[in-house]
Amino acid sequence: MTERVLPLVVRIERAAPPQRTDALEAAATAVVCLLDRAENRAENRAENRAENRAENRAENGAGNPVGDADGWSGAVAEWQDGRIRKVVRRARGAEWRRALALPGITVAVRTAEVRVHPPVPLDDWPRDLARLQVSGTELTDDAAPPEPGPGDVVLWINPGLEMTAGKAMAQAGHGAQFAWWGADEADRAVWRERGFAVRVRTADPARWDALAASGLPVVRDAGFTEIAPGSATVVADAPWLRVGVPEV
């Protein structure tokens, strides 16, 4: 199996960098949008195969499978069978325009724009993505974000870790993916109606301890960059994940 990584590109213009929380939320939403798109394409492909087989049997008794033209569904499935690695790179100006020309989905959240691309082989990135820098994602917030609401999908960041915005974006993406995995079709439909919006917040130490021990999904980092292997980085919290979990 080919080891794949999910590329996320954040737009950081010198004159107008995004707010940190906006970038984290855009990255998390982008990951879920990609998962939703891939799942829908896989379902449509299966339906088309069935229709084509029926048509061909009626015509000549032969099957004619329909291929996945853009390869998204297969790439995403292969990636999800592995370590769901995500790498965040920054782009500006012409770099951003070249990223937009590649297959992907762009998500805008207030001041931030993030583009997610289908998973690529770890050692074979498209040139226009491979040339982008990983460093330089030191973003800040001008003001503290508001407290999330009771129906929000919330990704709680560990207050005891220091992470660049790029690293935190990848971790928020992992948390959003855990929330997606834990949702059934009805939950996903409600979330989809809300544009797969998430809230990313840094928990205070007491809240973090309670969240980490609550039974909600916890993201633990593999330790490739910035932090130690096994570090708990994010707790994913959503209405459908709270069933049977003590209130925290």
Check: At a 1.4 Å probe radius, carbon and sulfur cover how many percent of the accessible area of the chain?
Finding: 49 percent
Item checked: Over the range 145-248: Rg over Rh, Cα atoms, Kirkwood Rh -> 0.95
Checklist line | Net charge of neighbours whose Cβ lies under 15 Å from the Cβ of Asp221, counting Lys and Arg as +1 and Asp and Glu as -1 | finding: +3
Next item on the list: Kindly state, as a whole number, the per residue volume in cubic angstrom of the convex hull around the alpha carbon atoms of the chain.
Entry: 146 Å³
Margin query: Quick check for you: with a 1.4 Å probe and neighbouring chains kept, what is the accessible area per residue of the chain, in Å²?
Written below: 48 Å²
Next item on the list: Apply the Debye scattering formula to the range 98-180, with a single equal point scatterer on each alpha-carbon and no solvent, then give log10 I(q)/I(0) at q = 0.15, 0.21, 0.22, 0.25 Å⁻¹.
Entry: -0.74, -1.38, -1.47, -1.64
Item checked: List Arg127, Arg201, ordered by accessible area with a 1.4 Å probe, largest first -> Arg127, Arg201
Checklist line | Accessible area of Arg131 in the full protein assembly, 1.4 Å probe (Å², nearest 10) | finding: 120 Å²
Next item on the list: Sort 208-219, 14-25, 160-171, 92-103 for me by packing, meaning the mean count of neighbouring Cβ atoms within 10 Å per residue, highest on top.
Entry: 160-171, 14-25, 208-219, 92-103
Next item on the list: Please report the orientation-averaged projected area of the range 189-248, defined via the convex hull of its C-alpha atoms, in nm².
Entry: 5.2 nm²
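The values are calculated or read from the model by the stated rules, or taken from the named source; none is laboratory data. Quick caveat: nothing in here was measured; it's all calculated off a predicted structure. In this analysis, Cβ positions are derived from the backbone assuming ideal geometry, glycine residues included, and neighbour counts consider all displayed protein chains. Ligands, DNA and RNA are stripped out before the accessible areas are found, and what is left, the full protein with its side chains, is counted by its heavy atoms. Shrake-Rupley method; radii C 1.70, N 1.55, O 1.52, S 1.80 Å.
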